[in-house]
1. Once ligands and nucleic acids are excluded and a 1.4 Å probe is used, how much of L182 is accessible, expressed in Å² to the nearest 10?
2. Taking the alpha-carbon set of the stretch 71-181, what are its Rg and Dmax in Å?
3. Relative to the present Cα-Cα distance, how much length would full extension add between E298 and Y394 at 0.36 nm per residue of separation?
4. Averaged per residue, what accessible surface does the stretch 202-343 expose to a 1.4 Å probe, in Å²?
5. Taking the Cβ-Cβ separation of S145 and K231 as r and a Förster radius of 41 Å, what is the calculated FRET efficiency to the nearest 0.05?
6. Compute the relative contact order of the stretch 163-209 as a whole-number percentage, counting only Cα pairs closer than 8 Å that sit 6 or more residues apart in sequence.
7. Consider all pairwise Cα distances in the stretch 207-284 and report the whole-number % of them above 15 Å.
8. Summing +1 for each Lys or Arg and -1 for each Asp or Glu, what net charge is found among the other residues whose Cβ lies under 10 Å from the Cβ of E248?
Amino acid sequence: MEAAPQELWKPRGPSLRVSRLRTARASPEGAHPSAPCASPLRRSPLHRCAPLSGTHLIPRGRSSPQGRDFHIRILLPVDLQLKNARIECSWRLKKILHGYRHILKQRLQSCPDLVSFMVELKTVLEIALKNTQDLHIPRPPEYYSCLVRDLEILGWNRVAYVDTGLTTVKLKAEDSCGRQHLITLKLNAKYPTEPPDCLVDFPVPFAVSWMPQNSLIDIYNQFLAALESLKEFWDALDEIDGKTWVLEPENPTRSATTRRIAIGNNVSVNVEVDPRHPNMLPECYFLGADHEVNPLREKLNNNMHLWDPEISLLQNLRELLEIDFPSRAMLEKSDFAKDCGICYAYRLDGSAPDQVCDDPRCGQPFHQACLYEWLQGLPTSRQSFNVIFGECPYCNKPLTLKSSMKKL
């Protein structure tokens, strides 16, 4: 039962009391929809709707998100305009609606009457309840007994985390190459009739096959099978991470499918690997000055027919591009990566410089966002569709910037 209401905003004149905003539970089987509710909230003093300050009675509102009852009080100013109303509620409801206050203010401004506002409030409350992670609603005893039994069958050594409400479970697993993985299970009150929501760090969707008689061990086995299906994909990316200098992402997750690999001084290649076909030629685009990357593009196009799915992705790239990728063990970052010439930082929002002046005597790198703002502010720059034509901030040579990150 909700605690006594406390003020969110202080009243400024006459007040109208809404008895409660009821989030009704489903009626027992065979009960009439209008039958009295046995909840103690029905006997609350607020339910009697005694008028405040001589104003009229406001009808009781009803809604049904997650089977909860909530009390609210709407306080009107002297002019009785709904748009200037204030709302009182309990501390728990205040916490649930904390991130939606601006929406409620907009609804107060736009709704023509109180009934319309109550409908809007019900909708907002349903969304807020759905997105409130720490709102604990007791589950039936069968839920807990079934969940504990399934965890015991699965083995507690495979359990990494269980929340206090027994609604979120994290399971750990190790694939055949020794990589550690987690799967997060969000269980609803109808478990095991309905499957839990499964959250995994995969580059592809993880769809669970579920029957009412299934248990957590079935999900865990499907998780293990999915790990093995992605083994070659992760092997390919792990080899790139271990034997080259990866510029981006700085801390790749298991779901990341791209790697920006350093080649030389302000020259890199962005490789996007297909998780379903990791041994096939990946999508590649080069970043750097044209005089540096054009020969690499030509080699890739000319040697594409030499791609061999029987050898590793990294070895294929070496042979097609006819280069050796620098590794962290061989070079320092300063040997091939320079700070942006505009913001004087290497990383901007996690991204390294990805634009370079094409003049071989300059070769100054820039972040795309920094260079875009710079060129936009120059009166001599001109733009055609998604391309800006301007001058390098350092050498004043002509410079072209495309809004797309890709350079084919």
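1. Here the residue's solvent-accessible area equals roughly 90 Å².
2. According to the Cα coordinates of the stretch 71-181, Rg and Dmax are 21.9, 72 Å.
3. Length difference between fully extended and current span is 31.7 nm.
4. Ligands and nucleic acids excluded, the figure is 49 Å² per residue.
5. Values: r = 37 Å, r/R0 = 0.90.
Efficiency, from the Cβ-Cβ distance: 0.65.
6. On the way: 54 pairs, mean separation 12.7, N = 47.
Relative contact order for the stretch 163-209 comes out at 27 percent.
7. 62 percent
8. Neighbourhood net charge equals +1.
The values are calculated or read from the model by the stated rules, or taken from the named source; none is laboratory data. On a predicted model such as this, the values are computed, not experimentally measured, just so you know. Methodologically, a virtual Cβ is constructed for each residue, glycine included, from the backbone with ideal geometry; neighbour enumeration extends over all protein chains shown. Surface areas here come from the heavy atoms of the whole protein model, side chains and all, with no ligands, DNA or RNA. Shrake-Rupley method; radii C 1.70, N 1.55, O 1.52, S 1.80 Å.
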